Amino acid sequence: MKAKLLLFVSFVLTACSAKVSVVWTEGEVDPATGRAVQTLTVVNAPEGTDWAVWMTSNHIITDKVEGSEGHLELFHGCLYKMTPAAREGKDLVVKYADRPLQRHCWAPEGFVLEYNGKVTPLKVKYEFLPAPTIPDFHYNQVDVQEWDMIPSLKQVTPSEGVTVVEQMPQVEYVQSDKAGWYRITLDGTCRVEAADEDGAQYASVTLDNLRRNVGGNELPDMVIEDWPDLGYRGFMLDISRNFTSKDNILRLIDLLAHYKANVFHLHFGDDEAWRLEITKFPELTSYTSYHEFPHRNAEGENVEADHLMPSYNGGIDPSDMSSSANGHLTKEDYLEILKYAWERRISVIPEFDTPGHSRAAILAMNKHAERTGDDSYLLAEPEDTSVYMSVQYYRDNAVNVALPSTYRFIEVIFDEIIAYHAEAGVPLPAIHVGGDEVAHGAWTGSPACKKIMEERGWDNIELLKSYYIENILDIAEARGVKLSGWQEVVMDLEDEVYERLKKNLYSVNFWSTYGRQEEYPYHYANDGVPVVLSNMTNTYMDFAYTPDKTERGLSWGGFVDERRSFSFLPYDIYRSVRWDDHGKMRDISALPEGKTPLTCKDNIIGVQAQLWTETVRCFDHVTSYVFPKVCGVFERSWNASPSWEGTAAADDPGFLAGLDKYYSTVVSHELPYYESLGIVYRRRK
């Protein structure tokens, strides 16, 4: 009888909760406060107050509004909890004063009802305010030739006649002082000369593009001479925040090869997940790469018992492989990616971010210690009382840099990655260790960190970064592997550590380039640091194309469209933003005045596009964020000094003519190419 009663109660609760849904309503902005009152309505809400609705979102200001029937608060990271108050009626209405909604995709998602020990996903209806369409930048469509492509060719000398080219001919290797140089001669026969294997690859891509552009094998006679200006032409994909499969990564690599990119920077370890199999530590992927609702323990606390809490897309079912929350690359997947990329002369630089942005690894190693009883690889100190909040609102994402176990862990990761590349028979240019955005307050309550500081006579907690870099260098140097990092990795170090690091560096990505920080790339390049320009203002693919609210993407650093990426000038970065985020022309004439000039051009080794995936939910989002916006990045990494470089007017006729030719090439040749491949791309408005 008792069992039947329990089944009946369960059936009633399930039936009841199935009727519950959510309506999220965008509010008008109050000019006096600059805030908008957003409304969350729980339709057919359960009775009483012993339940909650959870959701995920980019940061919400949760100021309660008078008369609201519930309260919204941050649980951790991007996960929020709504607790109800007493009410009358079947619906519960929660109001909170937040910043105005800038993008529709920033509205909360992943709503679930937690009720009587059950967790039920809820349907949501959005009621947005009217959003006017913001048109794209203006350009003039001009005629393009068969040899116009992205990146554009350095030298083309056309002649009369046609040559039938059905396949890549035998390559003649010749001496050249330009890495990646090649020459194609079409004069009834097809001859290809190249300085190296890279040049041969780029010649093959150019011939493929010519056949694509003419729609067959009969190519107009011409002589092409071409080479890249920058040796590092990269693309970074974040698969930690939201995952995409091996097969999708291979499709992406094909597109990168089409644009003659040569570096694929794979960001697989961050706060939200660790996505690469490490055989010694299975918890890195089994625990963190599949997300689940944080269930209540015996003390009534919500804990991440078997998997990490929901990430940005709000997925709570770790078995749902259609969700971008779930998945990882096996060793076999990674080996296939390495080989596939290298066949196209693309090197893979793997990244796991440290010592910040490391929540997934920290919690996974706690689980590893619980399973094995081996605490010799822990990344956090149980006695650490540090209080901090990271930029993504995590309170526990900084690796403890004073623990010997931290470096034993990193040694294992280095050794397995090195072994993977060796087994695949491909180069490992560097291991990227991140180094960015350690939250203020991390390490301040750590006994182990205090001991190191006392031993060294330090009174500044920031100097622990030098201790960390010293240990990472010991690991890297012992294995003969180079390091890469984000710009913070070279900042605020003791002089001797900085000089030692410079000798080991493969590349440093300079990304935070606003205000006085825009001088950092040239300052450090002049000081001998190998700089990869990753400027958020021109190369962040996850930024929305326009301020249109229906546009997907972030915009904390502005908007990046095809014009913004094309405008990028590696050797004149101060004039790389000709129009502001609202389409208003800037006065760029005096922008370089009083700023650090570039005196060591050779240390600007490359340009890289970045795709962070907080707002990505599927591979179609990946491709529509990237294409065709990325065309400007690859145009500029191949042709770093366009003819209009140095012009002092945003609308200089030379620049506008170059923009028209570039974008006409994109429209005439690249967009049809995406169509032919079934690649979803972003269409003009």
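Read the figures in this text as sums done on the coordinates, not as results from a lab. What you see is a predicted model; the values in this text were computed from it and never measured. Note: ideal-geometry Cβ built from the backbone for every residue, glycine included; neighbour counts use all protein chains shown.
Structure data summary
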{"quantity": "Flagged links, alpha-carbon separation over 19 Å, of 280/367; 81/123; 64/90; 482/503; 450/503; 19/118", "calculated": "64/90; 450/503"}
{"quantity": "Relative contact order (percent, whole number), the chain, Cα cutoff 8 Å, 6+ residue spacing", "calculated": "13"}
{"quantity": "Rounded tilt (10° steps) of 653-665 against the dominant C-alpha axis of the chain", "calculated": "70"}
{"quantity": "Cβ-based charge dipole, the stretch 2-127, positive-most Cα from 122, 58, 108", "calculated": "122"}
{"quantity": "Full-extension gain in nm, residue 527 to residue 550, via 0.36 nm per residue minus C-alpha separation", "calculated": "3.9 nm"}
{"quantity": "(i) 17, 48, 30, 6, 0; (ii) 17, 49, 26, 7, 0; (iii) 11, 24, 37, 24, 4, 1, with the label sought being that of the calculated P(r) over Cα pairs in 20 Å bins from 0, in percent", "calculated": "(i)"}
{"quantity": "Between the stretch 346-389 and the stretch 470-497, the alpha-carbon center distance in angstrom", "calculated": "19"}
{"quantity": "Charge dipole (the chain, unit charges on Cβ, about Cα centre) - positive-most of 135, 380, 307", "calculated": "135"}
{"quantity": "Assigned charges on the beta-carbon of Lys, Arg, Asp, Glu; the stretch 75-128 dipole about Cα centre (debye)", "calculated": "40"}
{"quantity": "Karplus-derived HN-Hα couplings along the stretch 262-275 (A = 6.51, B = -1.76, C = 1.60, θ = phi - 60°), whole Hz, x at Gly and Pro", "calculated": "9, 9, 10, 8, 9, 8, 10, x, 8, 5, 7, 5, 10, 10"}
{"quantity": "Charge context of residue 173, other residues only, Cβ under 12 angstrom, K/R +1, D/E -1", "calculated": "-4"}
{"quantity": "Neighbourhood net charge (9 Å Cβ-Cβ; Lys/Arg +1, Asp/Glu -1) for residue 645", "calculated": "0"}
{"quantity": "GluC sites (Glu not before Pro) restricted to DSSP loop in the stretch 30-87 with at most 12 other C-beta within 10 Å", "calculated": "47, 66"}
{"quantity": "Residue-wise HN-Hα coupling along the stretch 458-468, computed from phi with Karplus coefficients 6.51, -1.76, 1.60 (Hz; x: Gly, Pro)", "calculated": "8, 10, 10, 4, 5, 5, 4, 5, 5, 4, 5"}
{"quantity": "For residue 579, residues with placed amide H under 5 Å, excluding near neighbours", "calculated": "586"}
{"quantity": "Exposure proxy order (Cβ contacts within 10 Å, fewest to most) of 647, 613", "calculated": "647, 613"}
{"quantity": "Acute angle (nearest 10 degrees) that the helix 246-258 long axis makes with the longest principal axis of the chain, alpha-carbon atoms", "calculated": "30"}
{"quantity": "Hz values of 3J(HN,Hα) by residue in the stretch 317-324 - Karplus curve (6.51, -1.76, 1.60), Gly and Pro given as x", "calculated": "10, x, 8, 7, 7, 7, 8, 5"}
{"quantity": "Cα-based helix-to-principal-axis angle, 2-19 vs the chain, degrees rounded to 10", "calculated": "50"}
{"quantity": "Charged-residue dipole, Cβ positions (Lys, Arg, Asp, Glu), the stretch 511-685 about Cα centre, Debye nearest 20", "calculated": "340"}
{"quantity": "Sequence of 83, 354 once ranked by neighbouring C-beta atoms within 10 Å, starting from the fewest", "calculated": "83, 354"}
{"quantity": "Candidate lysines for bridging to residue 260, where Cα separation is under 23 Å - those fewer than 8 sequence places away on the same chain excluded", "calculated": "154, 178, 246, 339, 601, 629, 661"}
{"quantity": "Charge context of residue 122, other residues only, Cβ under 11 angstrom, K/R +1, D/E -1", "calculated": "+1"}
{"quantity": "At most 15 other Cβ within 10 Å, DSSP loop - GluC sites (Glu not before Pro), the stretch 103-207", "calculated": "166"}
{"quantity": "For the chain, size of Cβ-based charge dipole, Lys and Arg +1, Asp and Glu -1, in debye", "calculated": "1440"}
{"quantity": "Full-extension gain in nm, residue 459 to residue 376, via 0.36 nm per residue minus C-alpha separation", "calculated": "27.1 nm"}
{"quantity": "Loop-resident sites, the stretch 519-606, for GluC sites (Glu not before Pro), counting at most 14 other Cβ within 10 Å (DSSP)", "calculated": "593"}
{"quantity": "Between the stretch 574-621 and the stretch 30-44, the Cα center-to-center distance that results, in Å", "calculated": "35"}
